[in-house]
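Please treat every number below as a calculation from the coordinates, not as lab data. What you are looking at is a predicted structure, and each value in this text was computed from that prediction instead of being measured. Here Cβ is always computed from backbone atoms with ideal geometry, including for glycine, and neighbour counts include all displayed protein chains.
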Amino acid sequence: MTLRLHDTATREVRDFVPLEEGKAGIYVCGLTVQSEPHVGHVRSAVNFDVLRRWLTASGYQVTFIRNVTDIDDKILVKSAEQGRPWFNLAYDMHRELTRALDSINVLPPTYEPAATGHVPEILDLIDRLIKAGHAYAAEDGSGDVYFDVRSWPQYGELTRQRVEDMEPAGDADPRGKRDPRDFALWKGWKKDSEPATAAWPSPYGPGRPGWHIECSAMAGKYLGKAFDIHGGGVDLRFPHHENEQAQSRAADDPFASYWLHNAWITTAGEKMSKSLGNSLLVPEVLKRVRGIELRFYMVSAHYRSHVEFSFEALEEAAKSFQRIENYLARAAEALGREVPSGGALCAEFTEAMDDDLGTPAAVAVIHDVVREGNKLLTDGDPEALSGNAASVRAMLAILGLDPADPAWGATSRGDDKLTGVVDALVRGLLEERERARLEKDWARADAIRDQIKAAGIEVEDTPTGPKWSV
RNA sequence: GGUGGGUUGGCCGAGAGGCGAGGCAACGGACUGCAAAUCCGUGUACACGGGUUCAAAUCCCGUACCCACCUCCA
């Protein structure tokens, strides 16, 4: 059984064959750190985190690079509006992003390079492109350097478009361009409108990197001239990824073998960047559900399917996940110890994941195993129960959803100290209720239960006595 | 104009020629003092119109509607 992935370049699901056996190099376009991340932004990170975890679980040694773009037009404009330095805005938003990703258990990448830290590498690549005859310095004195689209016959190959059908690039005044579709590799410093801190010295005069060049330069630096997988959101296919590929290949770097693109989360049928309001910012959403539940919601849909975000669907997913979580908790209690990690993965699960990361089918497998486990819970075969629960836990871990993962901190199962305190308080009431039940004083028993419930605590009667949960 | 994707039951969301993924909700049953949890069961879903086929949600043709990208959006 081999992993198969949907490659945007070939538009088909095909076997994953790494360049080097047992190793996988992945480059994912992260965010332009210009504003707070919303749920749409983090979907991409979750999707590729699942890819990374699955490759790792499949025995690959994974190098995972996810960049941040920390200098660009929008950052300059927004920081100017907010009256603070652009680097402060970028840094703050970068920290917000990290916080958001931590809260949904997205593993830190192997490395997270930033555009501003790689100006020499970028200039080196531009130099190679100019020498190869695929780039030129603008003749209008702007200090811009452009990629010469007409010099690269394969331009458009990734997205199957003909240059003639494309609209002109609006990234600079077209006067300095040989063809309106040429795009900027280097943007000359505009003295009158841009801060001096946003310019770096170069052979073409002070300026800053164009949008696409950084990814080519950084992928080359950390993953090599050829690497396995390049990922990002669908919107990046064109122009960003098309341009990256053109730049790198024109400089004689083979670049990515596979291109993966995740679909959108939309609201009201529109992409989130168009939506107003901040109710979909990650910290806001996490006021409604826990991080692990948000992640489950995202993993429940295939990464190439559009998701229409709604709080109703999110809360439904949370309930669905709680069913799994409750099973693990009850299994641990029945076993009298923690559910072991490193359990076996079901063949159906592996098959689903190998088939272009079929997380919806993988989740269905987990539900099936949970149902089996719930039966074992009453049948009482500890050996089988332990194996079953460990299997559930292992499969959840692949999806980054293991409730026992310390990454979830205290948010997942509550703080132990507090649990002890509440238990002490509730236990007295429960004992009183048990006495009432023995006397068949149902009215009193129910009154106590209602009283506890009013405090936000649910009581369940089990064969081994009453249990409470928040 | 060019390129790509979509429309599945009350809802979410898979599948991609034959066998009803899974979840949520609902209903019935078991268990329970009653609940809760859990288990068992209950659905004649695939935008519309044609066609191909023994067999179509799945393939083909057409129609409608929706979405994304076409140069600094995940």
In straight Cα distance, which lysines are under 27 Å from A:LYS440, not counting same-chain residues fewer than 8 positions off? A:LYS453, A:LYS467
If you take the beta carbon distance between A:PHE238 and A:GLU312 as r and set R0 to 35 Å, what does 1/(1 + (r/R0)^6) give as a FRET efficiency, to the nearest 0.05? 0.55
Give a residue-ordered list of calculated ³J(HN,Hα) values for the range A:288-298 (Karplus: 6.51 cos²θ - 1.76 cosθ + 1.60, θ = phi - 60°; whole Hz; x for Gly, Pro). 9, 9, 7, x, 5, 6, 5, 5, 4, 4, 6
Quick one: net charge around A:GLU432, please, counting Lys, Arg +1 and Asp, Glu -1 for every other residue with C-beta under 13 Å from its C-beta. +1
How large is ³J(HN,Hα) for each residue in the range A:149-163, as worked out from phi by the Karplus curve 6.51 cos²θ - 1.76 cosθ + 1.60 (θ = phi - 60°), to whole Hz, x for Gly and Pro? 4, 5, 7, 10, x, 7, 4, x, 5, 5, 9, 6, 10, 9, 3
Percent antiparallel among DSSP beta bridges (both partners in the range A:4-267, rounded to 5): 40
Chain A: angle of helix A:416-438 to the longest principal axis, Cα-based, in degrees nearest 10: 30
If you restrict to DSSP beta bridges whose two residues both lie in chain A, what percentage is antiparallel, to the nearest 5? 50
Quick check on chain A: helices-only [θ] at 222 nm, where DSSP H runs of length 4 and up contribute -39,500 (n - 2.57) each and the sum goes over total residues. Nearest 500, please. -14000 deg cm²/dmol
Using modelled amide H (1.01 Å from N, peptide plane; none on Pro or chain starts), what sits under 5 Å from the amide H of A:ASP182, excluding residues fewer than 5 places away? A:VAL149, A:ALA169
Kirkwood Rh over Cα pairs of the range A:4-267 into Stokes-Einstein at 10 °C, 1.306 mPa s: D in µm²/s? 84
In bins 10 Å wide, starting from 0, what share of all Cα pairs of chain A does each bin hold, as a percent? 4, 18, 25, 22, 14, 9, 5, 2, 1, 0
Within a Cβ distance under 13 Å of A:VAL370, other residues only, what is the Lys/Arg minus Asp/Glu net charge? +2
List, in order, the whole-Hz ³J(HN,Hα) value for each residue of the range A:40-48 obtained from phi through the Karplus relation with A = 6.51, B = -1.76, C = 1.60 and θ = phi - 60°; use x for Gly and Pro. x, 4, 7, 4, 4, 4, 5, 4, 7
I want the local charge near A:ASP124. Using Cβ-Cβ distances under 15 Å, sum +1 for each Lys or Arg and -1 for each Asp or Glu among the other residues. -1
Ratio Rg/Rh, restricted to the range A:267-398 and using Cα atoms, in which Rh is the Kirkwood radius: 1.04
What whole number of Å gives the distance from the Cα centroid of the range A:194-253 to the Cα centroid of the range A:400-470? 56
One-quarter of the Cα convex hull surface for the range A:356-396, in nm²? 2.7
5 Å is the cut-off here: which amide hydrogens, built 1.01 Å from N in the peptide plane, fall below it relative to A:VAL62, excluding neighbours closer than 5 in sequence? A:ALA24
Which aspartates and glutamates, if any, have their Cα less than 15 Å from the Cα of A:LYS191, not counting same-chain residues under 8 positions apart? A:ASP73, A:ASP144
Normalise the Cα radius of gyration of the range A:8-111 by 2.2 N^0.38 Å (N = residues in it) and let me know the number. 1.27
Modelling each spin label as a point 7 Å along the Cα-to-Cβ direction, I'd like the A:ALA364/A:GLU21 distance in nm, to one decimal. 3.5
How large is the convex hull of the C-alpha atoms of the range A:416-469 per residue, in Å³? 71
Counting only residues 5 or more apart in sequence or on a different chain, those whose built amide H sits under 5 Å from that of A:GLY231 are A:TYR27, A:VAL28, A:CYS29, A:LEU260
When the Kirkwood radius is taken over all Cα pairs of the range A:63-192, what Stokes-Einstein diffusion coefficient follows at 4 °C and 1.567 mPa s, in µm²/s? 75
How big is the charge dipole of chain A about its Cα centre, in debye rounded to the nearest 20, if each Lys and Arg gets +1 on its Cβ and each Asp and Glu gets -1 on its Cβ? 480
